[in-house]
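Step one of this worksheet: look at the structure below.
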Amino acid sequence: MSLSFLRKREAVAFDIGSNSIKLVQMNQTKKGWELMKMGMAELPPEAIVDGSIIDSMTVTNTLRDLVKEHGVKVKDAVSSLTGHSVIIKKVSFPAMTEDELADSIQWEAEQYIPFPISDVNIDFQILGADTDGRGQMDVMLVAVKKDVINDYTNVIKEAGLNPVVIDVDSFALENMMEINYPVTPGENIAMVNIGASITSISVVMGGLTIFTRSIPMGGNQFTEELQRQLNVSFKDAEDMKLHRKESDSDAEQLASSIDSVSTNLTFEVKRSLDFFLGGAQGSYVSKIYLSGGGSKVTGLQNLMQEKTSIPVELANPFKGIDASSRHFDKDRLKEAAPFFGVAVGLATRRFADR
Ligand SMILES: Nc1ncnc2c1ncn2[C@@H]1O[C@H](COP(=O)(O)OP(=O)(O)OP(=O)(O)O)[C@@H](O)[C@H]1O
Ligand SMILES: [Mg+2]
């Protein structure tokens, strides 16, 4: 059913990461998606730690400044979470309709959630109806801790915005892929989003996420390894990693630190994919799409391809989006693309006017 008489409300998307907040606003036209606004602002390392907002004032102010800087007029805001406050599990439930499941989800989900059911918000997606005739169906169960949702909605409210949805990073990435890359029926595509503190891995089949896992590793591990090896501050190590500060004498150490952390990270990604494949007999992953700032690490893409024997490509969230009307600089878009996967996916969400 399409309620086309309802005007779809525009929303502005914020990917609130531990390293930076990304803002995207897009317009949906008959021809497709059009990029209206994009921006990014760094956060200090102690503002968000392990997916929890520690310094809400700084996050609020950064959000507010971003909105101001980019002249965003829309108030409805979409954002997302990732990491250990989010639990996503594929489970098997008795076959029933979506409405029936919506009514009984609290009961059905309880045994799968390691927190009291009253502490989480639950959502689900039915992956496939009763295919083998045994009266069961596969469901992707999503549970997000309420206190963490509250922390995120509060900073958004404090910044003068109206939080309408808190999504999950991997589902945002699924939406980003959907508008930029053709869906390949029957093929498993992996998405690996390497942030600063969290790497999320998911497998999408025919446009639906069928597996997801997050590991507490990302760009920070490279910085921390350098910090240890060279006995410098986090800030100095980060500057070296990003080549903001050149020092020939440390070039070798930089390369070897990057290499060892890349190897660890690749190993973790491979382990997750092997785990997925172990539970999906006869299946394979045909491609890995990388996103997140951590995917910019030199050599990581090749290393992952080599170690997993799966083709690895950088996902470009702006591939299918018209960025011409607002004169976004092509080089700037290319440079920024890895950071904007989640934000672009979030920006595709539309809401019926109330
Ligand atoms: N050119 C580069 N080379 C290597 N690493 C980079 C580069 N540019 C950015 N990074 C790293 O990418 C990370 C930031 O990526 P991203 O913006 O995706 O993270 P985030 O969304 O803020 O964090 P998270 O999702 O983990 O909370 C940082 O660790 C940063 O150092
Ligand atoms: Mg992120």
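Which number in (1) assigned to a strand (DSSP E or B); (2) without any contact (Cβ under 8 Å) to a residue 12 or more places away in the chain; (3) among the acidic types (Asp, Glu) marks the one condition that Glu313 misses? The failed condition is (2). When Gly71 is tested against the conditions (1) at pLDDT 95 or above; (2) assigned to a loop (DSSP other than H, G, I, E, B); (3) within 13 Å of ligand 1 (Cβ to nearest atom), the lone failure is (3). Scanning segment 74-110 for residues that are in a helix (DSSP H, G or I) and either polar (S, T, N, Q) or surrounded by fewer than 16 Cβ atoms within 10 Å (Cβ to Cβ) (or both) yields His84, Ser85, Glu98, Asp99, Glu100, Ala102, Asp103, Ser104, Gln106, Trp107, Glu110. The residues of segment 41-62 that are outside any strand (DSSP E or B), within 12 Å of ligand 1 (Cβ to nearest atom) and either charged (D, E, K, R) or touching a strand residue (DSSP E or B) at 6+ places or on another chain (Cβ under 8 Å) (or both), listed by number, are Leu43, Ala47, Asp50, Gly51, Val59, Thr62. In segment 137-152 there is no residue that is surrounded by fewer than 16 Cβ atoms within 10 Å (Cβ to Cβ) and small (Gly, Ala, Ser). Contact annotation: residue pairs with Cβ atoms under 6 Å, 6 or more positions apart or on different chains, pairing a residue in segment 192-207 that is within 9 Å of Ser170 (Cβ to Cβ) with a partner that is among the acidic types (Asp, Glu) and near ligand 2 (Cβ under 9 Å from one of its atoms), are Ser200/Asp169. The residue pairs whose first member lies in segment 121-150 and is free of Cβ contacts under 8 Å to residues at least 60 places away in the same chain and farther than 23 Å from Met205 by Cα, whose second member is among the β-branched types (Val, Ile, Thr) and outside any strand (DSSP E or B), and whose beta carbons are closer than 9 Å, counting only pairs six or more residues apart or on different chains, are Asn121/Ile149. Within segment 189-209, if we keep just the residues that are of a type outside the set (A, V, I, L, M, F, W, C), more than 16 Å from ligand 2 (Cβ to nearest atom) and in contact with a helix residue (DSSP H, G or I) (Cβ under 8 Å, 6 or more places away or on another chain), the residue that is modelled with the lowest pLDDT turns out to be Gly207.
The values are calculated or read from the model by the stated rules, or taken from the named source; none is laboratory data. Quick caveat, the model's predicted, so the values are computed rather than measured. Cβ: placed from backbone, ideal geometry, glycine included. Neighbour counts: every protein chain shown.
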